[in-house]
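The values are calculated or read from the model by the stated rules, or taken from the named source; none is laboratory data. Small disclaimer: the values here were computed from a predicted structure and weren't measured. Reconstructed Cβ throughout: ideal geometry from the backbone, glycine too, with neighbour counts over all protein chains shown. Quick note on the areas: whole protein, heavy atoms, side chains included, nothing else; ligands and nucleic acids left out. Shrake-Rupley method; radii C 1.70, N 1.55, O 1.52, S 1.80 Å.
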Amino acid sequence: MSSQSKAAIADALSEARERTLALVEPLDDEQLNRVWSPILSPLSWDLGHIANFEELWLVRTIGEREPLRGELGRFYDAIENPRKIRGELPILRDEELRAYMADVRERTLDVLEGVEIGADVEDPLLRDGFVYEMLLAHELQHNETMLQLLQLADGYELPDQVASERTSSRIAGRSESSAAEMVTVEAGTYEIGAADRGFAYDNERPRHAVELTGFEIDRTPVSNGAYVSYMEATGAEPPLYWERDGEGWIETSRGQRAPIDPADPVIHVSWDQADGFARWAGKRLPTEFEWEAAREELEGVGHGWEWTSSHFRAYPGFEAFPYREYSEVFFGDEYRVLRGSSWATHPRVARPTFRNWDLPQRSQIFAGLRCARDA
Ligand SMILES: [Fe+2]
């Protein structure tokens, strides 16, 4: 790979870091260290973890350098340290944390100078710059979990760029009519998953053929107004951050009190709520393969992740790469797959084949739904 591509990698790394730092810029150290919720890491853990993951892959693995801070890495291991204990760990904080992030980045750029990252490089971590794409995706995905936490911060203002992405995805996802228009997808064989070349996670591979029977799927995501009708008809729980206000509903994330707009796509619903809505509407959630097969026909993708009926499982011929803990340890019946992306997802992460997953009762993620039914 040419030095120009290395410059592009360095630019993308610094762009991602600017986004990370912009998110926490309005906060003081107490807010960064605070445990806001047992299901979300303190922001200082996320920041240290982002830098430690970068040190692990881009400095120690690729550059074969010694760790900067000895055993520190074990406190940033996401599997070893569940979210509810992360606030009590002896992690880096305040000035020490900021210095560590900067030290790691300096070494990363130093290592980048000396590596070969072309298309014909033998090491699969370096081929086409895979490991750098992985690190960028990792940091940007943590930006999204940080934004989940920041929904709890009263008075927090989104950085301008993120605020405008939120507004544009919300407008694109609006549907004025209460009866969802559906798209018909013919029965047939569909290619699912990411092709061999280009960056994708191991769980998106290998690309394989899937037989689907004919189905219909909503052209736009389920709206707030449709969700209110469901709540009124069944007594179902409101989405997270909704509060009653007289006859109507308001949205209270980040301490705001904004009226709910019925045409906006609903978000902050759990899989259980999404599944309940779909049944009430006489439909069902799409499978993740149906969602991917219909992707080109779908409007409004991008404000909220979309719950599917699928469990998170390996594709046939799956091989863990580059480490088991990204996907493989989560395969099974515990998690449901989400497709698409949300207003908090960086465009670099939002691939049509990207598979997100979470527990069915969780609603802190920016997730909504669209419905499907057999044709
Ligand atoms: Fe991570």
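Residues that are among the hydroxyl-bearing types (Ser, Thr, Tyr), closer than 20 Å to Asn356 by Cα and open to solvent by less than 20 Å² (accessible area, probe 1.4 Å) within the stretch 183-235 comprise just one, Tyr201. Return the residues of the stretch 166-187 that are of a type in the set (Ser, Thr, Tyr) and touching a Lys or Arg at 6+ places or on another chain (Cβ under 9 Å); say none if nothing qualifies. Correct list: Ser175 only.
Matching residues to (1) on the phi > 0 side of the Ramachandran plot; (2) open to solvent by 40 Å² or more (accessible area, probe 1.4 Å); (3) not in a loop (DSSP other than H, G, I, E, B):
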{"position": "Ser310", "(1), (2), (3)": "no, no, yes"}
{"position": "Pro316", "(1), (2), (3)": "no, yes, no"}
{"position": "Tyr323", "(1), (2), (3)": "no, yes, no"}
{"position": "Gly332", "(1), (2), (3)": "yes, no, no"}
{"position": "Leu338", "(1), (2), (3)": "no, no, yes"}
{"position": "Pro347", "(1), (2), (3)": "no, yes, no"}
{"position": "Thr353", "(1), (2), (3)": "no, no, no"}
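Each residue in the stretch 288-302 was checked for being surrounded by fewer than 18 Cβ atoms within 10 Å (Cβ to Cβ) and closer than 29 Å to Glu232 by Cβ, and 1 pass. Checking Leu126, Leu109, Leu68 one by one, the residue that is within 21 Å of Ala200 (Cβ to Cβ), more than 16 Å from the ligand (Cβ to nearest atom) and either among the charged types (D, E, K, R) or open to solvent by 10 Å² or more (accessible area, probe 1.4 Å) (or both) is Leu126 and no other. A Cβ distance below 8 Å, combined with a sequence gap of six or more or placement on separate chains, defines the contacts here; from the stretch 131-145, residues that are over 14 Å from Leu47 (Cβ atoms) reach residues that are aromatic (Phe, Trp, Tyr) and near the ligand (Cβ under 10 Å from one of its atoms) in the pairs Leu135/Phe53. If you filter the stretch 145-164 down to residues that are open to solvent by less than 20 Å² (accessible area, probe 1.4 Å) and within 16 Å of the ligand (Cβ to nearest atom), you find that the one that is farthest from the chain's Cα centre (by Cα) is Leu149. Take Arg86 and decide whether it is surrounded by 14 or more Cβ atoms within 10 Å (Cβ to Cβ) and either more than 16 Å from the ligand (Cβ to nearest atom) or modelled with pLDDT of 95 or more (or both). Spelling it out, it is not the case that Arg86 is surrounded by 14 or more Cβ atoms within 10 Å (Cβ to Cβ) and either more than 16 Å from the ligand (Cβ to nearest atom) or modelled with pLDDT of 95 or more (or both).
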